[in-house]
1. Name the residue, out of Gln376, Gln359, Gln327, that is at pLDDT below 85 and in a helix (DSSP H, G or I).
2. Restricting the first residue to segment 183-196 and requiring it to be surrounded by 15 or more Cβ atoms within 10 Å (Cβ to Cβ), which pairs with a second residue that is basic (Lys, Arg) and not in a loop (DSSP other than H, G, I, E, B) meet a Cβ separation below 9 Å and a spacing of at least six or different chains?
3. Residue under question is Glu111, and the condition is that it be loosely packed, with under 14 Cβ neighbours inside 10 Å, away from the ligand (no atom under 16 Å from the Cβ) and either at pLDDT 95 or above or of a type in the set (Val, Ile, Thr) (or both); does it hold?
4. Exactly one of (1) more than 22 Å from Leu46 (Cβ to Cβ); (2) modelled with pLDDT under 95; (3) surrounded by fewer than 19 Cβ atoms within 10 Å (Cβ to Cβ) is unmet by Lys96. Its number?
5. Which of the residues spanning segment 169-206 are among the hydrophobic types (A, V, I, L, M, F, W, C), touching a Ser or Thr at 6+ places or on another chain (Cβ under 8 Å) and farther than 18 Å from Phe80 by Cα?
6. Within the set of pairs 6 or more residues apart or between chains, which connect a residue that is outside the structural domain of Pro106 (by TED's automatic domain parsing) inside segment 204-220 to a residue that is in a loop (DSSP other than H, G, I, E, B) and surrounded by fewer than 18 Cβ atoms within 10 Å (Cβ to Cβ) with Cβ atoms less than 8 Å apart?
7. If the Cβ limit is 7 Å and pairs must be 6+ apart or interchain, which residue in segment 47-66 that is β-branched (Val, Ile, Thr) pairs with which residue that is near the ligand (Cβ under 9 Å from one of its atoms)?
8. So which helices (runs of 4 or more DSSP H) are wholly in segment 1-105 and hold at least 2 residues that are within 16 Å of the ligand (Cβ to nearest atom) and in the same structural domain as His147 (by TED's automatic domain parsing)?
Amino acid sequence: MLFKEVIGQAPAKQELLNKCAQDHLGHAQLFCGPEGSGKLSMALALAQYLVCENPQASDSCGTCAGCTKAQKHIHPDIHFSFPIIGNDVLCSDVLKTWREALHQSPYLNMEDWLQFLKADNRQANIHKKECVDIIRKLSLKAYEARHKVLIIWQAEYLGKEGNVLLKTIEEPTPNTFIILIAQQSGSLLPTIVSRTHQLLLKPIDSPTLAAALQEKLTCSPSRSEALAWQAKGNFRKARQMFFDETEAWSKVLDDWLSFCYQHNLAACLQWSSQMHARGREKQKNFVSFTLDFVQSLLNYQMLGAQARLNNTQIELLKKWANILPLQRIGQLNALLNKSFFYLERNIHAKILFFNLSLQLHKLLQTKHKSVENMSQP
Ligand SMILES: [Zn+2]
């Protein structure tokens, strides 16, 4: 991961880069901060920087063999420890699953990781056998890079076993860097904390979080701003809300488009009443979601299925791309934008959505005739 791919956190990135440039980076780092602030991403970026063959002043080169392997999480000199299930299992036994989790999102939390492990109700831990294996791994020479790096994610789960690592953290083998990651330093043994250099990450500021949602998830500006505000600096939460919302709104949108297409006025009226009852913010949220869908529909018609869409979104696109011709998408976009404008001015939502349903019916059915502009209901 490159530093520039870590969302926000500019002062923390600069602090690490300065220390690297001055050769003052402490051998034991402790990255603390709230969930979704990017501790693991920052650790991945630092690890890549340390194994990069051609590091630049502001980032890894991104193209050398070291960077290529680090980006795939397969660099032999970047080691990982994290909570696992079962006293006989080592992290090296579940690296494939760990890499899958990182590829999906390095902003994962413990709940996400337990789902990857199919944990059910079983407890995960970083147990003594794993700590002994950490010491073994770090005693080996670096395979390819100048440095070896060990990232211990969710270091809180070390518990008292952390004592086994005290000597290693205090006096690691030459050219070795250990990065511990925890939400709060208070949840670690004080004897460990005192041997580390701490880097505190803050929640990501809302504009930066909104921009990241737009860039990484194809989320519209209005929707991303609402999600960023609700997530309070937690990218993991914002991302999860985006997917949950997408799942729920996809069903609502599919029903509505079907009623409009069939010209089922009774169903359209009932649907409009239900939307009215959801309240203004949800209504605006739904229109923003539908605007995102329309943009995806355009992309889909022009470029085919996009990798960042999930199965629900792709099924919905396939279905409606066959019914809504490309030349109507601009008109649909204009209708939705007007609706958003009227919703912000407190128009009666039931009337607005019913009127919009009638307009949508014309759009979905009319192949050639132009559609009148939507008038204020
Ligand atoms: Zn590189």
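1. Gln327
2. Gln183/Lys39; Leu189/Lys160
3. no
4. Every condition holds for Lys96 apart from (2).
5. Across segment 169-206, the qualifying residues are Val193, Leu201, Ile204.
6. Every condition considered, the pairs that remain are Lys216/Arg308; Leu217/Arg308; Thr218/Gln306; Thr218/Arg308.
7. Val51/Gly66; Val51/Ala70
8. 10-21, 39-51, 65-71
The values are calculated or read from the model by the stated rules, or taken from the named source; none is laboratory data. In this text the structure is predicted, and so the values were computed from the model without any measurement. Using ideal geometry, Cβ is built from the backbone for each residue, glycine included, and neighbour counts are taken over all protein chains shown.
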